[in-house]
Every structure is written in structure tokens, then in C-alpha cells.
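Encoded as C-alpha cells, the structure appears first; notes follow it.
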Amino acid sequence: MGDVATLATREVMWNIPHSFKIVMYIMFLTSMGFLIKGFYDKLMFVTKGQGTDGLKGLLPEKLQWDRFLHTSLLTGKVPRFKYVGLFHSLIFYGFFILWIATDIVAVHADTPFKIYKGNVYIIVSFLADVAGIMILAGLAIAYHRRYIKRPAYLSATKPQQELFMYWMLIGLVVLGYMIEGLRILGTGMPINEATWSPVGWAIAHFFKAFSFNDSTLALFFRSLWMIHMINTMAFIASIGYTKFSHIFLLPFASLVTPVRRGAVLNPMNFENENAETFGLGKLSELTMKNNLDLLTCVECGRCTQVCPANLAGKILDPKKIITKTRDLAFETQAKGEKDAEIWGDNPIFQSNELDACTTCGACMEECPANIEHVNIIMEAKRYKALTLGDIPPAAADAVNKIKNQGNPWGIAQHDRFKWADGLDVPVIEAGKKVDYLYYVGCAGSYDGSNQKVVKDTVAMLKKAGVSFAVMGKTEKCNGDPIRRFGDEYSFYEIAIENIANMRQYEFGKVVTHCPHCLHTIGKEYAKFEDGAFETVHHTELLAELIDKGKLFPEKAINEELTFHDPCYLGRHHGQYNAPRAILNSIQGLKIKEMERSKDKALCCGMGGGNMWYELPEGEHIANNRLKDIGEKEVNKLATACSYCMINFNSSKAHVKETENLEVEDIASILAKSVL
């Protein structure tokens with residue numbers, strides 16, 4: 001067997017005339033020309049005609065090389081859905097093996113390095129046979145899912161385009177097998193090929209039954225070989241013009257898309273006297289990353305599957321936000337026109353479609369193409385609010401209340417600090433530095449359930465000896481709801497005022513228990529001059545205090561609960577461990593995790609401004625999350641978000657299993673063990 005392994009090889013280009021080889025390379029160069037042209041056209045589309053020079057506007061400060069390699073070699077986010085991950089991995093890795101095998105054969109045939117022999121030949125030949133089966137199996141599963149099961153989320157603008165991809169790959173594999181079988185038959189059925197080319201051997205046996213004479217076999221082989229080459233080169237040429245382009249575009253998108261950027265909005269330039277509109281009103285106002293997103297979408301529907309608004313029957317479908325914009329761009333391009341109105345006579349978006357978005361980021365978290373859906377939605381909402389004056393009446397009312405009273409409920413500003421009556425809460429003073437400025441927020445100041453969270457947090461900070469203070473009556477809403485409504489100008493005024501107010505004082509970090517405040521102050525204020533504040537969530541600070549031994553959860557709490565991950569703490573801030581670390585530090589407490597938890601957690605429905613208005617379509621967004629909670633059969637829900645607490649308390653009666661649910665913040669649970 002050792003000698004057999006050492007001598008194992010085959011004649012590359014067996015029975016192929018030299019002229020065929022010349023034709024093959026001519027076709028290869030031609031197909032590469034088409035491929036390059038296809039991607040050059042895409043480059044021009046993304047960079048708005050600037051070509052390679054325009055790529056600078058697409059590149060972030062730090063390239064995501066780890067995500068690039070993970071996407072290129074391990075298919076990125078695809079395996080997060082196991083069924084899809086199965087068939088996609090079969091196709092991906094099968095194709096990868098065949099690509100490597102083809103390269104090895106090419107090196108052996110056209111260079112002095114004769115490597116396709118011995119153990120290399122045996123291993124590569126066997127793996128190539130297995131890879132073909134993997135691809136065919138994966139395609140069969142994919143076809144069954146898309147064209148037989150036909151789930152609604154897979155609806156596509158061009159529903160037959162996958163068929164081209166399937167048949168192209170089937171052709172590559174089946175023709176390859178047939179050529180292999182004819183080659184084995186024509187070379188006298190070498191017995192060892194049965195071991196390292198099992199599929200080819202079986203096909204050779206099939207052809208053997210036809211008793212081809214030598215000339216017929218040679219003609220048949222050469223004909224199939226040339227058809228196989230044409231098919232292969234057509235595949236290469238098509239990559240730049242079909243969904244096959246995702247092979248290259250998706251790794252590139254992962255390289256240039258920073259983690260958790262999609263929901264962070266940039267300030268607008270309101271000093272531009274030439275600006276006639278604000279927000280996303282026409283195609284030319286899309287960013288380069290937006291344009292890349294239009295190209296990378298493969299219409300897999302994952303964003304649709306996880307969108308809380310869509311699941312609740314709202315008219316929002318994140319995938320269609322992308323595909324409708326893309327289709328308009330392509331139609332405009334086909335007409336030879338350079339721009340088109342998004343909100344023209346036939347607007348591609350509806351008001352309630354955009355307003356239904358909770359900005360939870362689930363679509364972006366699941367998207368294997370790293371598309372930033374929320375960015376396009378929010379820019380369109382800005383145009384809708386600022387240029388069209390279209391904003392839900394209840395949202396407009398909240399805006400006015402924030403402007404006049406500093407909070408969306410419209411409660412008097414002088415009542416903002418009433419929650420602290422009799423508690424001796426330190427109020428920050430100019431010239432006296434503290435380690436933490438506790439930004440209490442509107443809910444913490446005015447909502448009863450959230451006031452308890454603030455009081456418990458303050459008590460524990462005191463017990464731990466933390467140097468902190470609050471702003472008291474001078475604190476105002478940070479403007480998060482207004483920005484999510486799309487009213488950027490009002491947010492601009494509020495942000496500038498708040499930044500100036502906060503800059504009067506000396507403090508190390510801002511701490512807040514509301515993840516929406518955390519996001520706005522910690523990430524979005526930083527986009528304004530002098531607005532960079534290091535901001536942490538109260539669970540992060542409390543977990544740190546426990547870890548350092550400054551807080552001791554001494555009293556046991558013998559109960560079971562489940563924890564709801566707030567979207568703006570988890571997906572937008574990347575913090576999943578601190579709340580669980582706190583709960584796990586308490587003796588007797590048992591967490592029953594929901595199936596949709598951590599980065600797969602389902603939104604409660606209050607983000608994106610939805611806290612302040614209710615849309616008529618579908619059901620209340622919280623209901624689906626309450627069903628998740630009800631399945632855990634617990635009496636208590638722990639959360640770490642002001643909006644979540646208000647929403648679950650007001651909505652829990654909608655679902656029978658959660659009618660008697662107790663909703664409590666992490667801080668209040670910890671306080672029972674510490675204080």
C-alpha cells in the first residue's frame with residue numbers, strides 16, 4: 001500500500017488536445033474580464049462614481065480584520081440559524097474544497113511543481129469527490145426551503161435568481177463527476193480509484209455498461225470537458241453580476257463595518273445655508289456604506305424573522321427597507337438618471353413603516369451581510385420629520401413637553417428632584433469633583449417604579465463609599481425620544497444645552513440606569529463638540545463594586561426569575577455579563593434563561609420613540625416578549641431598563657401567563673441582598 005500511495009497520480013488534461021487548453025485559458029481571461037468589470041461597476045455605484053479614490057470615505061478608523069477572517073473562512077453569522085448554517089456550510093466548504101483542488105491541479109499542470117501525486121493526490125481526489133456530494137446535498141436542502149416550503153420572509157424582488165445559482169453549481173459538480181467517471185473508464189478502471197475517487201468510480205461503472213469504443217469515449221469526454229469549461233467560465237463571469245458576488249462582498253462588508261455602529265446617529269449641519277432638505281430624501285443622500293448595504297443584501301430574510309415590529313404585525317419589514325431602496329437605485333441607473341426622490345409622487349416608504357422601528361438592532365445583529373438597516377430607517381425618519389413635518393401626534397406632544405418641561409410626560413421641572421426628598425442625595429456642585437455623575441433620567445425622576453430603582457442604586461452607592469452626585473433639579477431629558485422621532489433640530493438644541501450644563505461640573509464618568517440614556521450620552525453626545533463623556537450602566541458599576549468587595553450580597557433570595565436583556569444595553573452596548581454577574585452573586589437566586597436571550601433577545605417594543613405613541617397595525621409589540629417570559633413559568637422578571645420596566649408593568653395583563661408577573665430592576669433585587 002505504501003508504494004501504491006507513493007505512486008498514486010493521474011494524467012492531468014488526459015485526452016485533451018493542446019488547442020482545448022488554449023481555448024480554456026482564453027475563456028478564463030475573458031471571464032475574469034467580465035468579473036472585474038462587474039465589480040468595478042459595483043465600486044462605482046458604492047463610491048458614487050469616485051472609484052478607488054472614493055473608498056477612503058467608506059473605510060472606518062479601524063478595520064475589522066477578525067470579522068473579515070471569520071466571515072471569509074467560517075461563514076460569519078450564517079450558522080447562527082442552525083438549519084441555514086447546515087446547508088450553507090455544505091455548499092460553502094464543498095465549494096472551498098473544490099476550489100483548492102482545482103488550484104492544486106493547475107499548479108501541477110502549468111508549473112514545474114508536480115504536487116498532484118502520492119498522498120496529496122489521494123487526499124485531494126477523495127475530498128473533491130466528497131465535496132461534490134456536500135454541494136449537491138446543500139443545494140437540495142436550500143431548494144426545498146426556498147421553493148417548496150417557501151416561507152414569507154424569503155420573498156424576493158427576483159425570486160428565480162437563486163435557480164440560476166443552483167443550476168450553475170449543479171452543472172459544475174455533475175459535469176465534473178461525469179468527466180471523472182469517463183477518465184477512470186478510459187484509463188482502464190485503475191482499482192485504487194475506487195478508494196480515493198469513489199463517486200467517479202461508480203459513474204465509470206455506469207458508463208462501462210454502454211461499451212463505448214475508444215473514439216466514441218474520447219469524443220464524449222472531450223465534449224463534456226469543453227461544456228464543463230464553458231460552464232466554469234460562465235460561473236466566473238457571472239460572479240460580478242449575480243448573488244454570487246456575496247462571496248466577496250460579504251467579507252468586505254464585515255471588514256468595513258464597525259461593531260454596534262448602525263444605531264449611532266451623526267449630527268446634522270444646520271448651519272448650511274444651501275441645504276434645502278434634511279435627512280434621507282433622495283438616492284444621492286445615501287452614504288457609501290448605505291450603497292454597499294444595497295449591494296450586499298442577499299434577501300435571506302433574517303432581519304424580517306427577528307424584527308419585533310414585523311413579528312407583531314406592523315408594516316415594517318427591514319429587508320424591504322433595503323430592497324425597495326436598492327430597486328429604486330437600480331431602476332434609476334437603468335434609465336440613465338443620476339438621482340431619484342425617495343419621497344416623490346410615489347414614496348417608497350410609509351410613515352408607519354418607519355415609525356414602527358424600535359431601533360432594537362436585532363436586524364443588524366443577525367444580518368450576515370452586516371447591513372445597517374437602522375441607519376437608513378433613521379435618516380429617512382429625519383427627512384420625514386424635518387422636511388415633511390410628518391411625526392405622530394403623540395410624539396409631537398412629547399417633543400413639546402420635553403422642550404417646555406424637560407421631560408416627555410410634561411411634569412413640572414421643579415418636581416424633578418422630589419424623588420430624593422429626605423434621602424440626603426448629594427447634588428453636584430461646580431468646583432467639587434466626584435468620580436461619578438449619576439444621570440437619573442426622566443423615568444427615574446418621575447415614574448414610581450423607576451424611582452425605586454434610583455433610590456436603591458443611591459443607597460448601594462453610598463454603602464459602597466462611591467464618590468457620586470446627581471444634577472438634581474437642573475437635570476433635563478437628554479433628548480433620546482426626540483432623536484428617535486426624527487426631530488434632529490430639537491435634539492440638537494437639547495444636546496447642546498445638556499453638554500454645556502454637564503461641562504460645568506467635574507466628574508470622572510457618567511452612570512445611568514437607563515440604556516437609552518447610556519446610548520445617547522455615551523455615544524451620540526460624543527459626536528458633538530465637547531460632548532465626549534465616558535458613560536457606564538448601573539449594572540456595570542454595581543457588578544464592579546461586588547467584584548471589588550465593596551458590596552456584599554449577604555442575604556439569600558430563594559426564588560426563580562428570568563432576565564430580559566434590554567436592547568440598548570445588550571446589542572447596542574455589548575453588555576450581557578454584568579446583569580447576570582449581579583444575579584449570580586446572590587445566594588439562592590436561580591435564573592431561567594429565555595430561549596431568545598442575550599444578543600438574540602426579543603425587544604419589548606419601546607425603543608425608536610415607540611414608548612410615546614402606539615401604531616394601529618398589528619398587536620402590541622410587547623406581547624410576543626411576554627409570551628417568551630410566560631413560557632419560563634416564573635413569578636418575577638428582572639430587567640435593567642427604564643422603558644422595559646414601564647412597558648412590561650403596563651402590558652403584562654395582555655398575556656394570561658404573565659398577569660401576576662412582578663417586574664423588578666437588577667438594582668432593586670441586589671439591594672434586597674445587600675442592604
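The values are calculated or read from the model by the stated rules, or taken from the named source; none is laboratory data. Computed from a predicted structure; not experimentally measured. Neighbour counts are summed over all protein chains in view; Cβ atoms, including those assigned to glycine, are modelled from backbone coordinates with ideal geometry.
Tabulated data
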read-out	value
Residue in region 641-662 that is nearest to GLY630 (Cα to Cα), counting only those that are in contact with a helix residue (DSSP H, G or I) (Cβ under 8 Å, 6 or more places away or on another chain) and crowded, with 23+ Cβ neighbours inside 10 Å	THR658
Sole residue being closer than 25 Å to ILE582 by Cβ, buried (at least 24 other Cβ atoms within 10 Å of the Cβ) and under 36 Å from the mean Cα position of the chain (by Cα), chosen from LEU518, LEU545, LEU551	LEU518
Breaking point among (1) in contact (Cβ under 8 Å) with a residue 12 or more places away in the chain; (2) farther than 28 Å from ALA234 by Cα, for ASP53	(1)
Among (1) in contact (Cβ under 8 Å) with a residue 60 or more places away in the chain; (2) in contact with a Ser or Thr (Cβ under 8 Å, 6 or more places away or on another chain); (3) surrounded by 20 or more Cβ atoms within 10 Å (Cβ to Cβ), the one test that GLY138 misses	(1)
Only listed residue being at pLDDT 95 or above and at positive phi, chosen from GLY301, GLY281	GLY301
Criterion violated by SER445 - all others in (1) polar (S, T, N, Q); (2) free of Cβ contacts under 8 Å to residues at least 40 places away in the same chain; (3) crowded, with 23+ Cβ neighbours inside 10 Å; (4) under 25 Å from LYS550 (Cα atoms) satisfied	(4)
Selected residue [among the basic types (Lys, Arg), outside the structural domain of MET229 (by TED's automatic domain parsing) and closer than 20 Å to SER254 by Cα] from LYS56, LYS48, LYS77	LYS56
Check on PHE113, surrounded by 14 or more Cβ atoms within 10 Å (Cβ to Cβ) and either assigned by TED's automatic domain parsing to the domain that holds HIS228 or not in a loop (DSSP other than H, G, I, E, B) (or both)	no
Residues within region 148-187 that are assigned to a loop (DSSP other than H, G, I, E, B), in contact (Cβ under 8 Å) with a residue 60 or more places away in the chain and either under 26 Å from the mean Cα position of the chain (by Cα) or crowded, with 20+ Cβ neighbours inside 10 Å (or both), tallied	4
Among (1) touching a helix residue (DSSP H, G or I) at 6+ places or on another chain (Cβ under 8 Å); (2) at pLDDT below 95 - the single one ASN272 does not satisfy	(1)
Residues of region 602-628 satisfying the condition of being more than 14 Å from SER650 (Cβ to Cβ) and either crowded, with 24+ Cβ neighbours inside 10 Å or not assigned by TED's automatic domain parsing to the domain that holds ASN577 (or both)	LEU602, CYS603, GLY607, GLY608, GLY609
Selection status of GLU337, touching a strand residue (DSSP E or B) at 6+ places or on another chain (Cβ under 8 Å) and over 17 Å from CYS297 (Cβ atoms)	no
Residue count, region 194-246 (criterion: farther than 30 Å from THR296 by Cα and touching a residue at least 60 places away in the same chain (Cβ under 8 Å))	11
Residue that is surrounded by the most Cβ atoms within 10 Å (Cβ to Cβ) [pool: residues in region 270-290 that are charged (D, E, K, R) and in contact (Cβ under 8 Å) with a residue 12 or more places away in the chain]	LYS289
Within region 246-296, considering residues that are under 24 Å from the mean Cα position of the chain (by Cα) and among the charged types (D, E, K, R), the one nearest to THR75 (Cα to Cα)	ASP293
Selection status of CYS517, under 24 Å from GLY361 (Cα atoms), in contact with a Cys (Cβ under 8 Å, 6 or more places away or on another chain) and modelled with pLDDT of 95 or more	no
Enumeration of residues in region 469-478 that are surrounded by fewer than 23 Cβ atoms within 10 Å (Cβ to Cβ) and either without any contact (Cβ under 8 Å) to a residue 40 or more places away in the chain or more than 35 Å from the chain's Cα centre (by Cα) (or both)	ALA469, MET471, GLY472, LYS473, THR474
Pairs, first closer than 16 Å to LEU224 by Cβ in region 15-35, second among the small types (Gly, Ala, Ser), C-beta under 8 Å, six or more apart	ASN15/GLY186; ASN15/ALA218
Selected residue (criterion: nearest to the chain's Cα centre (by Cα)) from residues of region 59-107 that are of a type outside the set (A, V, I, L, M, F, W, C) and not in a helix (DSSP H, G or I)	LYS77
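Condition check ((1) closer than 27 Å to LYS600 by Cβ; (2) in contact (Cβ under 8 Å) with a residue 60 or more places away in the chain) across all residues:
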{"position": "CYS307", "(1), (2)": "yes, no"}
{"position": "ASP327", "(1), (2)": "no, yes"}
{"position": "GLU331", "(1), (2)": "no, no"}
{"position": "LYS338", "(1), (2)": "no, no"}
{"position": "ILE342", "(1), (2)": "no, yes"}
{"position": "CYS360", "(1), (2)": "yes, yes"}
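Okay, residues lined up against (1) within 30 Å of ASN291 (Cα to Cα); (2) among the acidic types (Asp, Glu):
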position: LEU185; (1), (2): no, no
position: MET189; (1), (2): no, no
position: GLU193; (1), (2): no, yes
position: TRP201; (1), (2): no, no
position: PHE221; (1), (2): no, no
position: TRP225; (1), (2): no, no
position: ILE239; (1), (2): yes, no
position: THR242; (1), (2): yes, no
position: PRO251; (1), (2): yes, no
